[in-house]
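J.: Let me begin by handing over the structure; questions about it come next.
The values are calculated or read from the model by the stated rules, or taken from the named source; none is laboratory data. Remember, it's a predicted structure, so these values are computed and weren't measured experimentally. In this analysis, Cβ positions are derived from the backbone assuming ideal geometry, glycine residues included, and neighbour counts consider all displayed protein chains.
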């Protein structure tokens, strides 16, 4: 049957004890690497790329509040793409990322109207220039009645998707178009 010493090996013919030793080596190198100049350069490059991406490309964000439910659940997490509108303008119906109170605070809101357009709410229906918007993302009943208002030049009109709460409790309405910072990735 067996001749010589029997040692269990894997399908590649390498003894299992060697695999365990190799894994141990890899784990040690990963969690406690030697501090060589090559390693320090890699750490510096990763830190610089993380800073650049976090500052000018993607912004991590936590969803707080219920104004965008059910599209975005409260206490959710997402990334905001800060480059989304660099090559094209935002479109009606898109969710946009708005700078609110500085560069650290952002709001997610739905873009409903552009400068020069008239916006109103009648029995919970949003009308732009007298035409009802098709808003399949608004799931909760709404009873808002707001008079027509024309969006000023350089501004847009935004609102959250959760319209079951009173109009007065929403942060939204007409805002400067320059406050649009991007849009959520998903």
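J.: Of the residues that sit in the stretch 103-155 and are out of contact with any strand residue (DSSP E or B) (no Cβ under 7 Å at 6 or more places or on another chain) and assigned to a strand (DSSP E or B), which one is farthest from residue 165 (Cα to Cα)?
T.: Looking at residues that are out of contact with any strand residue (DSSP E or B) (no Cβ under 7 Å at 6 or more places or on another chain) and assigned to a strand (DSSP E or B), I get 131.
J.: Across the stretch 156-171, what is the total count of residues that are within 23 Å of residue 90 (Cα to Cα) and in contact with a strand residue (DSSP E or B) (Cβ under 8 Å, 6 or more places away or on another chain)?
T.: 8
J.: With respect to residue 76, is the statement that it is surrounded by 11 or more Cβ atoms within 10 Å (Cβ to Cβ) and on the phi > 0 side of the Ramachandran plot true?
T.: no
J.: Within the stretch 53-72, which residues are surrounded by 11 or more Cβ atoms within 10 Å (Cβ to Cβ) and assigned to a helix (DSSP H, G or I)?
T.: Hits for the stretch 53-72 are 53, 54, 55.
J.: I've got another one for you. What number of residues within the stretch 76-91 satisfy the criterion of being assigned to a loop (DSSP other than H, G, I, E, B) and either in contact (Cβ under 8 Å) with a residue 40 or more places away in the chain or in contact with a strand residue (DSSP E or B) (Cβ under 6 Å, 6 or more places away or on another chain) (or both)?
T.: 5
J.: I would also like to ask the following. Being over 12 Å from the mean Cα position of the chain (by Cα) and either closer than 18 Å to residue 186 by Cα or surrounded by 13 or more Cβ atoms within 10 Å (Cβ to Cβ) (or both) is the filter here, so list the residues in the stretch 90-101 that pass it.
T.: 90, 91, 92, 93, 94, 99, 100
J.: Test residue 104 against the criterion of being within 14 Å of residue 63 (Cα to Cα), in the same structural domain as residue 174 (by TED's automatic domain parsing) and surrounded by fewer than 14 Cβ atoms within 10 Å (Cβ to Cβ), and give yes or no.
T.: yes
J.: Just to check your reading of the model, which residue among 35, 82 is at pLDDT 90 or above and either surrounded by 11 or more Cβ atoms within 10 Å (Cβ to Cβ) or not assigned by TED's automatic domain parsing to the domain that holds residue 142 (or both)?
T.: It is 82.
J.: Please determine whether any residue of the stretch 160-179 is closer than 21 Å to residue 63 by Cβ and either in contact with a helix residue (DSSP H, G or I) (Cβ under 6 Å, 6 or more places away or on another chain) or assigned to a strand (DSSP E or B) (or both).
T.: For the stretch 160-179, residues closer than 21 Å to residue 63 by Cβ and either in contact with a helix residue (DSSP H, G or I) (Cβ under 6 Å, 6 or more places away or on another chain) or assigned to a strand (DSSP E or B) (or both): present.
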